[in-house]
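Reading through the structure tokens given below for one structure.
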Amino acid sequence: MNSQDYIGLAEAHSARNYLPLPVVLAKGDGVWVEDVEGKRYLDMLSSYSALNQGHRHPKIVGAMQEQMGRLCLTSRAFHHDVFGPFCKTVTEACGFDQVLLMNTGAEAVETAIKLGRRWGYTKKGVPEGKAEIIVCDGNFHGRTTTIVGFSSEKLYGDGFGPFTPGFKLIPYGDAAALEAAITPNTVAFLVEPIQGEAGIRIPKPGFLKAAREVCSRHDVLLMTDEIQTGLGRTGRLFCYEHEGVRPDVLIVGKALGGGCFPVSGALASKELMSVFTPGNHGSTFGGNPLACAVGKAAVEVVVNEKLPENSDKMGEYLRGELVKLGSRHVAEIRGRGLFIGVDIRPESGPARGFCEKLMALGILAKETHGTVIRFAPPLIISKADIDWALERIAQVLK
């Protein structure tokens, strides 16, 4: 079967909820992937930052294979011998007391929402059913009905209402608007340090620091969604570190599974986590043995192989070289670490056309928000691989 055969099967038997580039991948290794015809591509999307460690990292694959030979699932009805070690690894690496493990990023966000509301009712004294959480325009925190209900992107929520109340929308990057939106019933501020799906939107310097001060002063939890920006993507282990702040709740996912298995979680202090009691939140697969073995190895790879440092160095180089191209098609280049958005001018057409041309030259990138090309390769990428990519990017952008 060739690529068109596989695409035909997908279109015939799968709901059309994605618009992928017309490539059918069959193999992956490090920063490279191969299609069913044997053509190689440099992966510059990393499955939306789920592959920070690269495709099939040997340490992560080895941990997964070893665990699959012993025990894959217990549910949380029983203890297993990988759960505690993984929780210790991830909490110590991230600098928080405790973690509540789930599977997908959206589940971790829902966990944080539950934590914020329950803390508001049991600790802050907010009247039952009145808790408010503040979010930002342009946000993307997942696809559940609760989450799409507080998105400002009409496409995400169109036709899926009615939606969960209790959320307030403010302009992204506006600390004054945050303070003005707070009431006695506000329990949390949920924010992405950089908005990925909105087109790699970076707030003005000082925003997160100001948000931390506002939240602390008003007894409001600061909850940072680092599902895409975390675990080294922006040149720090977590993006909030760029401003020297610390959230009350940290939401992680994607790269926590090392590109091999869905693993996510919400991290917080022991005091905050104490609002959960047995039976009021959980997941059959959350914290399963396979996930814990993979997640432990994934975190160790990020830390021990110094992936945040490589992201910082290679990201600065890639951004600088992209700027040097001086393309007439480009309105702006923005990003931190290896989380880079190339904003295409409206008169040059949608970003997808550029992504299709890049694909033809062996580079896999994806448009976001219509006008932005996202470059986010695995954090193990070398300068030689970036130079290879830049030669082809120059052909497309010039």
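None of the figures in this text is laboratory data; all of them are computed from the coordinates on show. Everything numeric here is computed off the predicted structure, so don't read it as measured data. With ideal geometry, Cβ positions are generated from the backbone for all residues, glycine too; neighbour counts draw on all protein chains shown.
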Kindly provide the helix-only [θ] at 222 nm of the chain, computed as the sum of -39,500 (n - 2.57) over DSSP H runs of four or more divided by all residues, to the nearest 500 deg cm²/dmol? -10500 deg cm²/dmol
With a/c under 1.5 counting as rounded, go ahead and sort segment 128-169 into rounded, prolate or oblate using the C-alpha gyration tensor (a ≥ b ≥ c being the square roots of the eigenvalues; past the cut-off, prolate if a/b is larger than b/c, else oblate). oblate
GluC sites (Glu not before Pro) within segment 28-110: DSSP coil, no more than 15 neighbouring Cβ in 10 Å: GLU37
Rank PRO247, SER283, LEU325 by how far each Cα sits towards the positive end of the charge dipole of the chain (+1 on Lys, Arg Cβ; -1 on Asp, Glu Cβ) and give me just the farthest. PRO247
Which shape class applies to segment 153-286: rounded if a/c is under 1.5, otherwise prolate when a/b exceeds b/c and oblate if not, where a ≥ b ≥ c are the square roots of the Cα gyration tensor eigenvalues? rounded
What length, rounded to one decimal in nm, is gained on full extension from LYS124 through to SER382, with 0.36 nm per residue of separation minus their alpha-carbon distance? 88.0 nm
Once PHE160 and MET68 are pulled to full extension, the length gained, defined as 0.36 nm per residue separation minus their Cα-Cα distance, is 29.3 nm
Taking R0 as 30 Å and r as the Cβ-Cβ distance between ASP81 and ALA26, the FRET efficiency 1/(1 + (r/R0)^6), rounded to the nearest 0.05, comes to 0.30
Between the Cα axis of helix 383-397 and the main Cα principal axis of the chain, the angle (0 to 90°, nearest 10) is 70
Charge-dipole axis of the chain as Lys and Arg at +1 and Asp and Glu at -1 on Cβ define it, positive-most pick from ASN103, PHE339, ALA177: ALA177
Would you kindly state how much longer the chain becomes between SER269 and SER3 on full extension, computed as 0.36 nm times their sequence separation minus their alpha carbon distance, in nm to one decimal? 90.9 nm
Can you tally the net charge around GLU92? Count Lys and Arg as +1, Asp and Glu as -1, for every other residue whose Cβ sits under 12 Å from the Cβ of GLU92. 0
Measure nothing fancy, just the Cα-based angle from helix 83-94's long axis to the longest principal axis of the chain, in degrees from 0 to 90, nearest 10. 80
Once the Cα atoms of helix 105-119 and of the chain are each reduced to a long axis, what angle between those two axes, in degrees from 0 to 90 to the nearest 10, is obtained? 20
As a test, work out the antiparallel percent of DSSP beta bridges whose residues both lie in segment 58-304, rounded to the nearest 5. 40
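Fewest to most neighbouring Cβ within 10 Å: what's the order for SER264, SER382, SER14, SER283?
The fewest-first ordering by Cβ neighbours comes to SER14, SER382, SER283, SER264.
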